[in-house]
Amino acid sequence: MKPAAFEFFDPRTLNEALSLLNQYGNEAKILAGGQSLMPLMNLRLVRPKVIIDINRVAELAYIEPGAGGGLAIGGLTRHRALERSSLVHERNPLLAETLPLIGHAHIRNRGTIGGSLVHADPAAELPALALLLDAEFVLHSLNGERVVHAKDFFRSYMTTAIEPAELLAEIRFPAWLAKPGWAMQEVSRRAGDFAMVGVAALLTHNGNGTCEDARIALFGVGATPVRIEQAEALLKGARLDNRILLEAARVVSDVLEPDADVHASAEYRKDVAGVLTRRALERGMQRLREANEV
Amino acid sequence: MSTKRAIDLTINGRQYQRLVAVRMTLADFLRHDIGLTGTHVGCEHGLCGACTILFNGEAVRSCLLLAVQADGSNLKTVEGLCTGEDLNPLQLAFQEQHALQCGFCTPGMLVTAYAFLKETPRPTEAQVREAISGNICRCTGYQPIIKAILQAADMGESGSQRSEDRDQPLSSRS
Amino acid sequence: MATQYIGAAITRREDLRLLAGQAVFVDDVKLPDMLHAAILRSTHAHARIRSIDASKARALAGVAAVVESKNIEPIARPIPARIYALPGLDRYLQFPLARDKVRYVGDPVALVIAETPYLAEDALEEIEVTYEPLPAVVNVRDALRDEVLVHEQNGSNLASHYKVSVGNVDDAFRVADYKRREEFKTQRLTGNPLETRGILAFYDPAQDELTVWGPTKVPHYNRGLLSTLLNFPEHKIHFIEPDVGGGFGVRGEFYPEDFLIPYASMQLKRPVKWIEDRREHLLTANHSREILCDVEIAATRDGTLLGLRAQVFGDMGAYIRTHGGVVPAHVADLLPTPYRIPNYECSVHFVMTNKTGTGTLRAPGRYESSFIMERLVDIVARDLGIAPVEIRKKNLIMPEQMPYTVGNTQPENKATILDSGNYPRALAQALETFGYEKLKHLEGHYDNGKYHGIGIACFVKNTGRGPHEAARVLVDAKGNIGVYLGIATLGQGHKTTMAQICADTLGVALEQITVYLGNTDYMPTGGGTYASRATVMGGNAVYLAALELKQNILRIAADQLETKPDQLQLRDGTIYLTEDNGESNPLMSLREIVHVARAKGLYDKDQFRLDVSANFTSLRHTYTYGAHLAHVKVDAETGQVEILRYLALEDVGRCINPLLVHGQVVGAVAQGIGATLLEALTYNEDGQLLTTTLKDYLLPTSTDVPPIECVVTEESPSTLNPLGIKGVGEGGIVATGAVLANAVACALAPLDVKIVELPLTPNRLREWIRARPS
């Protein structure tokens, strides 16, 4: 399986990359880590006329403290760099725990966070995490830059808000909440595979056992990752106990209308989404207790 | 439309200058332009690991890289793992443990193991199992490969035996 | 015979090359002026071909030729079945290129030959084919209605059928206290060797010789077939076996490409190389295992099995391939084993569908039939309130019954006779090694969200398929030994095994021996490597040839030393007096033997020949046997199965190289685990294969295969060959589906979940859990 012919550019600066994008627009594809794009090209499922390889745009790879105690990560940052970053471990334990679940080491050596987010596979972990954590995406073009919130970024099946002449230059994760309970649960066919169903959850409470903030994001269940607002609303302000967790899990299961594929039926996903939500919330609650114990 | 590019790179310590078609994969370039056929192609969509090489010291899937992307880089393939005429301790451990049958996955496994042991010189069995989980083997059932990598870890670069408690996770060791 | 090498865990000399990256697989072979082929394949499961326009493709720069069906029409013939050519199957054979119709997605329609593989793929896209789609039939039940005919000229999709009968099944069912009927299904699977198929053909017009790299498994047979199809003399065709990246039954049969590529080279008079890609492999290399079995069992109240009645339906795909009817036939011939079931009847049906053609996959028919029988035995045990171990002990064929005639369970009424075996002992040993007694309290135990299950499965595997194999062993002028065989090697390590047998039989050091096999020029004929036959057939042929050679050597030495041959021995390549066990007085080296023989002109006299060929003939199979045990944990909420422990015990009669034998068993178990939990070739109702990449057809990785506890025993040597060996390679996969299904069924027994289908994916387990009666 060999790719169809294309024209190749490898700009050295962000400006160069943006000029090329501006010039070629829809005819071009950005090549970053290549772990998603190259298979599609080898299979000839995707046949861009132009490839803009941004791997030499060094200014796009960085991990820095973000405003207000969060993280600012350049789009070209490799998963492996994130895995090894003490700043990430410190400022976002959920992101740190999720990274080793992504594919295998070889994939993480090349794959980038920007690439993963723009590729927007609905069964991938990072888009769901971005949604869960209210991340913001800084999109650059020759015309300037704009910031898109994660909730507005993932539009439909592998389609994001990014315009043809835009590049995802930076991802901003807000500051980690104070002593949250968090969890990531997924079911995949094999370790490292895309999830059949996955849940990421985050809980905070106000010190009396009443839930303050509750966030539940699901992946692998539809065209995009989703936050289940009805379940979140149920938890917010409620006393955190097993009964409410079960109810929240049931709501998730009821609300979802997942797709089917060769690995799992819609019913499986609906079912297991509820199970994993319950387990994620249980784990989150456990972490909450641990974090808040003096 | 420019379809070829000149590239300059180092492979297994040797310098090469070539003119390549921009769409040629790095795996094909190594195998057919350079003649280093030790690196194998099993799937061309990044899921089997047979094409694993070291790209600037990191294990990557060469079927998912274009040759032009390797301009200026330093590559190591299975052919570069031997120390001179002899097989290195990792390769010898593979032979002793019968960690290969048809041998097709072996170069990818060796390169993966080599890079892994450099980063984690005294791994646990679980860590080794995880480290090779991106390399498919159809013949051995993986066990002997894991044993071979653990044996090589035990031997270390010097080739001398070390008796370490391998069951302790790395982080708990001083 | 004193053995130094036989039975020793000798590491393989093959390895050094493979480890250094110096192996030569077919795609590593480069010839000057080489062209590359790509194949245009049907995207429809069933359609008439209205027109093909390859003009644009031919006009592309770098394209040497495009071959269509009309170009090969004058010589094109259907590819015949090599084995199990049962009556009627020959009406459904495949031509190298589809003619008026395509019958499966992947059916070859045209061949492009270009300067590079990249250009060849570009050219494929320029060929315009007009199809008239037809409805497709994708399962045996629909196919049997004969509403959509895959080969309409034959009037039916039922290509063949036959029945085997042992004892009196009707009587057995009449008197039985207990009867149970179930329908079992196994999924469509393929072998996925890590190296895909590949052929490099070079027709040299100057020599008028055709050389082909890539063939393996049955090279002599395939060469003969190619000779017929090309109408080109066999002795002018040379098959060279390069290093081979695994086969598992799938690689090495004669496919359309095995005709097309050599044909193209002969037409273009340049080397032509074709390397299959992974998507193509999933789509077009032989599929296997999709079996539907409607089975009924009869027993007494106390668990004695009385009768078995089965209907087996094999989904053969759109064309009968070179394996003929072997897969369903092997479901039927050993279905009752390893149990004494005196009354057995089985109808076997070969059904055509619009899917890729089928062939063998490691332990063809046996993985399936073991699953069926072992599940059935557990179901009966549960119904009758008998422990799974007890019901097996009660019904296993006993060692004193060996050789045991199962009955005339093979096609054409041929008998299946088990050569030797102590099945109860194997089961007992497996149970003990596993520590079953201490663990069985965990059966069905619920612990922290998961259910524990323990599965048991006993198995028998037919191996050592004959009928003949020849070996040639010779001594050269320097006293080195050359061993030549007509078998192939696909990664098993035969070159080491054969050398071990020769070394001990002859009495020479292992290092003095070189083994040559795979290439057709080495031997005039050969049976090939498949059906776990190579060491049995080839090894015994080497043994016989080496034995004769040794006698000749001793005669030459005796003649020279003026004594009798029985006064002399050959050890480590040196002649000593028989009583000289300390080897203190070497008398002659092999080199001197050769020198003397030549000097005296003895070299060509029969009893002094230093170049000996011998034939080993065996018309009956050998049978390995054993038991597998598995301990699993099932997450009933997600359907995920975790294997905590897996034990495989197999008796191989006699073990030539324990390192290699263990490797085969463990490797086979790993493949079986993958097949049972992960793999499936899935078609939609339009006959489109949905699993065309490794993202969807999931192969087991290191985190999917637990450490396998492997026990190899040598309790029951085969009575059918001098070395007492039974073939190894397939046995390890036979009981994998069975044992895991039994373990999962055991785990989910508290939930009353019925397990009669494979694979055991999370999705399906959840479906069966939801469907349960309570």
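General observations
- Output for segment A:176-197, where each listed residue is among the hydrophobic types (A, V, I, L, M, F, W, C) and either modelled with pLDDT of 95 or more or buried (at least 18 other Cβ atoms within 10 Å of the Cβ) (or both): A:Trp176, A:Trp182, A:Ala183, A:Met184, A:Val187, A:Phe194, A:Ala195, A:Met196, A:Val197
- Strands (runs of 3 or more DSSP E) wholly inside segment C:153-250 that include at least 2 residues being among the β-branched types (Val, Ile, Thr) and either out of contact with any Cys (no Cβ under 6 Å at 6 or more places or on another chain) or under 24 Å from C:Arg362 (Cα atoms) (or both): C:158-166, C:209-213, C:237-240
- When each of C:Gly444, C:Gly385, C:Gly435, C:Gly421 is tested for being surrounded by 24 or more Cβ atoms within 10 Å (Cβ to Cβ) and of a type in the set (Gly, Ala, Ser), the lone residue that passes is C:Gly421.
- Number of residues in segment B:102-159 that are among the small types (Gly, Ala, Ser) and within 21 Å of A:Gly103 (Cα to Cα): the value is 8.
- Within segment C:678-706, the set of residues being of a type in the set (Asp, Glu) and free of Cβ contacts under 8 Å to residues at least 60 places away in the same chain comprises C:Asp696, C:Asp704.
- Among the residues of segment A:69-94, the ones that are more than 23 Å from A:Val57 (Cβ to Cβ) and under 13 Å from the mean Cα position of the chain (by Cα) come to 1 in all.
- Filter pass, C:Ala363 being on the phi > 0 side of the Ramachandran plot and of a type outside the set (Lys, Arg): yes
- Within segment C:119-143, tally of residues that are farther than 30 Å from C:Leu35 by Cβ and in a helix (DSSP H, G or I): 4
- Beta carbons closer than 9 Å, at least 6 apart along the sequence or on distinct chains, pair a first residue in segment A:240-258 that is hydroxyl-bearing (Ser, Thr, Tyr) with a second that is in a helix (DSSP H, G or I) and surrounded by fewer than 20 Cβ atoms within 10 Å (Cβ to Cβ) for A:Ser253/A:Lys270.
Rundown of residues vs (1) crowded, with 20+ Cβ neighbours inside 10 Å; (2) closer than 30 Å to C:Val652 by Cα, yes/no style:
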residue: C:Thr563; (1), (2): no, no
residue: C:Leu568; (1), (2): yes, no
residue: C:Glu579; (1), (2): no, no
residue: C:Glu583; (1), (2): no, no
residue: C:Asp604; (1), (2): no, no
residue: C:Asp611; (1), (2): no, no
residue: C:Asn615; (1), (2): no, yes
residue: C:His631; (1), (2): yes, yes
residue: C:Val634; (1), (2): yes, no
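- Output for segment C:402-416, where each listed residue is under 12 Å from C:Ile341 (Cβ atoms) and at pLDDT below 95: none
- Residue check for C:Leu647: surrounded by 19 or more Cβ atoms within 10 Å (Cβ to Cβ), touching a strand residue (DSSP E or B) at 6+ places or on another chain (Cβ under 7 Å) and over 29 Å from C:Ala735 (Cβ atoms): no
- Scanning segment C:61-115 for residues that are among the basic types (Lys, Arg) and under 30 Å from the mean Cα position of the chain (by Cα) turns up C:Arg77, C:Arg82, C:Arg91, C:Arg103.
- So C:Thr496, is it hydroxyl-bearing (Ser, Thr, Tyr) and out of contact with any Phe, Trp or Tyr (no Cβ under 6 Å at 6 or more places or on another chain): yes
- Only one of A:His140, A:His119, A:His104, A:His205 that is at pLDDT 95 or above and more than 15 Å from the chain's Cα centre (by Cα): A:His140
- Number of the exception - B:Ser73 against (1) outside the structural domain of B:Arg138 (by TED's automatic domain parsing); (2) in contact with a Gly (Cβ under 8 Å, 6 or more places away or on another chain); (3) in contact (Cβ under 8 Å) with a residue 60 or more places away in the chain: (2)
- Failed criterion for C:Gly464 (all others in (1) more than 14 Å from chain B (Cβ to nearest Cβ); (2) modelled with pLDDT of 95 or more hold): (2)
- Taken together, the residues in segment A:99-115 that are in a loop (DSSP other than H, G, I, E, B) and in contact with a Ser or Thr (Cβ under 7 Å, 6 or more places away or on another chain) amount to 1.
- Some residue of segment C:449-470 being closer than 30 Å to C:Leu18 by Cβ, crowded, with 24+ Cβ neighbours inside 10 Å, among the polar types (S, T, N, Q) and touching a residue at least 40 places away in the same chain (Cβ under 8 Å): yes
- Residues of segment A:31-74 that turn out to be of a type in the set (Gly, Ala, Ser) and more than 20 Å from B:Asn56 (Cβ to Cβ), as a count: 7
- Of residues in segment C:19-43 being more than 14 Å from chain B (Cβ to nearest Cβ) and out of contact with any Lys or Arg (no Cβ under 9 Å at 6 or more places or on another chain), the one farthest from B:Phe29 (Cα to Cα): C:Thr43
- Residues in segment C:694-718 that are out of contact with any strand residue (DSSP E or B) (no Cβ under 6 Å at 6 or more places or on another chain), surrounded by 18 or more Cβ atoms within 10 Å (Cβ to Cβ) and among the polar types (S, T, N, Q): C:Thr701, C:Ser702.
- The set of residues from segment A:265-294 being within 21 Å of A:Ala183 (Cβ to Cβ) and small (Gly, Ala, Ser) comprises A:Ala273, A:Gly274, A:Ala280, A:Gly284, A:Ala291.
- Filtered by the rule that a residue be in a strand (DSSP E or B), of a type outside the set (Lys, Arg) and under 24 Å from A:Val272 (Cα atoms), segment C:632-650 gives C:Val632, C:Val634, C:Asp635, C:Gln640, C:Val641, C:Glu642, C:Ile643, C:Leu644.
- Checking C:Gly626, C:Gly653, C:Gly674 one by one, the residue that is modelled with pLDDT of 95 or more, in a helix (DSSP H, G or I) and either more than 14 Å from chain B (Cβ to nearest Cβ) or within 17 Å of the chain's Cα centre (by Cα) (or both) is C:Gly674 and no other.
- Residue ID - nearest to C:Leu119 (Cα to Cα), chosen from residues in segment A:1-49 that are of a type in the set (Lys, Arg) and more than 11 Å from every other protein chain (Cβ to nearest Cβ): A:Lys29
- In the set (1) buried (at least 18 other Cβ atoms within 10 Å of the Cβ); (2) within 20 Å of the chain's Cα centre (by Cα), A:Ala223 fails one condition alone, (1).
- Enumeration of residues in segment B:1-58 that are at the interface with chain C (Cβ under 10 Å from one of its Cβ atoms), over 14 Å from B:Ala70 (Cβ atoms) and either among the β-branched types (Val, Ile, Thr) or part of a strand (DSSP E or B) (or both): B:Thr37, B:Val41
- A residue that is within 14 Å of chain B (Cβ to nearest Cβ) and under 20 Å from the mean Cα position of the chain (by Cα) can be found somewhere in segment C:198-210.
The values are calculated or read from the model by the stated rules, or taken from the named source; none is laboratory data. Owing to the predicted nature of the structure, the values given are computational and were not obtained by experimental measurement. Cβ coordinates were reconstructed from backbone atoms using ideal geometry, including for glycine residues, and neighbour counts include every protein chain displayed.
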